[in-house]
Amino acid sequence: MRNENINPVIKRIAIKACCIFTSPALIGSGNDENTDNDVLRDSSDKPFLPGSTAAGVLQSLCSETSVLFGSDSRISPLWVFDSEVKGEIIQLDGVALDRENKVALDQNKYDYEAVATGAEFTLRLLLTIRTNDNDEEFEKALKKLVGVLRSNNTAFGAKTKRGFGRVNCDEVYLQEFDLLPDNIEELMRWIDFDWELKTDWKPAESEAFDIDSETLSVNLRLDGSIMIRDTRNIYEDLNNNEKEPDYKHISIGRKPVILGTSWAGAFRSGLYRLLYPKFETKAAEYLDSVFGFVAQDDSQAEVSLVVFGASTLIAKDTGTHGYRTITRVKIDRFTGGAAEGALFTEKPWYGGETTLEVNYPKNREDIRELIILALEGIDKGLIQIGGESAIGRGFFKVLAVNGEAFSKLEQEPKQKLITAIEKAGAAV
C-alpha cells in the first residue's frame, strides 16, 4: 500500500526578473589565480550569481518576506536558482590609505576582478505552495518580494555599501500553475514548462517596498582634473595611434568613474581631519560607527551605515573636458635636473560634472549633518577626491543637493552631529 502524501503541492508560481548591473559587481570566488579576488565562474568560464547569494540578499532586505525562506523546522518553499551573468569581467585595484595623512598603508595594495557595469542576468524564483500552507500569506509575501526587486534598491556581491553590485530589475514576470488533482491541463502545462519560452508570462503584481533609508543626491563640478590611478584598463579609451600611458584615471566601459570606495575614503579621511582638532579620539570612534571598520586582526568589525554610489564624470564642454595625456618627470632636488628613470606619462580626466548618491538610515539626522559637513569641506577645497591633490587634482565644487542649491545648506547648524560625537565614546 502506497503512503499517501498528506501535504501535496497545490500550486507553483514561477517568477522571472530581467536584471542589469548598474555598477561593477564583486561576486568573489575566493580564488586568487588572476587577482587577489577573482570573480566566480561556471564550467564555461562565465561569471554567475549563486542562488544562495541572491536568496540571502532578498531575505535580508524585507522581513515581511521571511515566510518564503523557511525556518529551522521547515525547508524554504521558495527556490532561488543560479543565474548566468552575461557581461565582461574587468580588473580593478585599490589601496588602503592612512586616514590622517592620506598615504598608502604598507602591504595594503590589492587588486580584484569585477563584473562590469551593464552586465545582464535573469533571476529565476519558484514558489511551491502546499495544501497546509496559507496561500494568501505566501502570495502577499511574494508581492512584497517583487516590490523589493522593482525598487532598484538591491545589490549583490561584496562591498555593496560602497556602491558595488547595484541592480535594476524593472521587468518582472510571473506564471502560475494550479496543480489540484483534477486539473490535468495545468499539470501538463507545468510538465512542459520552460524558463526560456516567451509565452504565458504576465507582469508580476507587487506591493510598494518601504526603503528604510534617506538619499542625498549631490551634483558636483570638477574644477581642474582628477586622477584615481588605473594601471590595468589603460587601453580601453586609446586611439590606434595614441601611445599607451603609464597610468590613467579609472574608467569603466570608456566612461570615467569615481567608485564608491574612493568617495568613502575621501569622506572618512577628510572628516577625520576636520573633526580631530575639536573631538580628538571621539572623532575616530564616531566615524568608525558610521563608516564601519575591520580591526587589523579581524577580531572586530562593524558594517557601514552609509552607502556611497559610483559616479560617472560627464563632459559638459567637449573642447576642454576629457582625458589628456601629460608627460611628467621627477626633478632631482639637489641638481635641478631630471631624476634618472623618473619620466612617466599619465592621463588624468579634466572638467565635467557628476552626481553622487549617498544613502543613510532614516531618523539619523546626525549622519545627514555629517555628510553635509563633508560636502562643505569638498566645496571649500579642504577635502579632495583621488590622488595627486598636492598638484591641484581632485577639487570639486558642490552645486546642489537633492535639487536645492548647496549654498542654502552650508550654514545649517550641526548640533545633532556634535551631540552624537560627544556620546561616541560610550556608544562604540
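Where in region 102-192 are there strands (runs of 3 or more DSSP E), lying wholly inside it, with at least 3 residues that are closer than 26 Å to Tyr360 by Cβ?
Because the criterion is at least 3 residues that are closer than 26 Å to Tyr360 by Cβ, the strands (runs of 3 or more DSSP E) in region 102-192 that meet it are 166-178.
Quick one: Thr312 ticks every box in (1) touching a strand residue (DSSP E or B) at 6+ places or on another chain (Cβ under 7 Å); (2) within 16 Å of Leu373 (Cβ to Cβ); (3) surrounded by fewer than 22 Cβ atoms within 10 Å (Cβ to Cβ) bar one, so which box is it?
Result: Thr312 passes all but (2).
Looking for something at pLDDT 90 or above, out of contact with any Pro (no Cβ under 9 Å at 6 or more places or on another chain) and of a type in the set (Asp, Glu) - is there at least one such residue anywhere in region 313-328?
The answer is no; no qualifying residue exists.
Scanning for something on the phi > 0 side of the Ramachandran plot and either in the same structural domain as Pro256 (by TED's automatic domain parsing) or out of contact with any helix residue (DSSP H, G or I) (no Cβ under 9 Å at 6 or more places or on another chain) (or both), does region 364-378 turn up at least one residue?
Here is the first cut: in region 364-378, the residues on the phi > 0 side of the Ramachandran plot are none.
No, every residue in region 364-378 fails to be on the phi > 0 side of the Ramachandran plot and either in the same structural domain as Pro256 (by TED's automatic domain parsing) or out of contact with any helix residue (DSSP H, G or I) (no Cβ under 9 Å at 6 or more places or on another chain) (or both).
Going by the conditions given, is Asp45 in contact (Cβ under 8 Å) with a residue 40 or more places away in the chain and outside any strand (DSSP E or B)? Let's see the steps before the verdict.
Values: in contact (Cβ under 8 Å) with a residue 40 or more places away in the chain: no; outside any strand (DSSP E or B): yes.
In short, no.
List, please: which pairs have Cβ atoms under 9 Å, are six or more places apart or on different chains, and start with a residue in region 399-424 that is assigned by TED's automatic domain parsing to the domain that holds Tyr276 and at positive phi and end with one that is of a type outside the set (A, V, I, L, M, F, W, C) and assigned to a strand (DSSP E or B)?
Here the result reads Asn402/Thr215; Asn402/Ser217; Gly403/Ser217; Gly403/Asn219, each pair linking region 399-424 to a residue that is of a type outside the set (A, V, I, L, M, F, W, C) and assigned to a strand (DSSP E or B).
Could you grab me the full set of residues in region 318-343 that are over 33 Å from the mean Cα position of the chain (by Cα), among the hydrophobic types (A, V, I, L, M, F, W, C) and in a strand (DSSP E or B)?
Val329, Ile331, Ala338, Ala339, Ala342, Leu343
How about region 1-58: which of its residues are among the charged types (D, E, K, R) and closer than 30 Å to Ile184 by Cα?
Arg2, Glu4, Lys11, Arg12, Lys16
The values are calculated or read from the model by the stated rules, or taken from the named source; none is laboratory data. Remember, it's a predicted structure, so these values are computed and weren't measured experimentally. Heads up, the Cβs are rebuilt from the backbone with ideal geometry, glycines too, and the neighbour counts pull from every protein chain shown.
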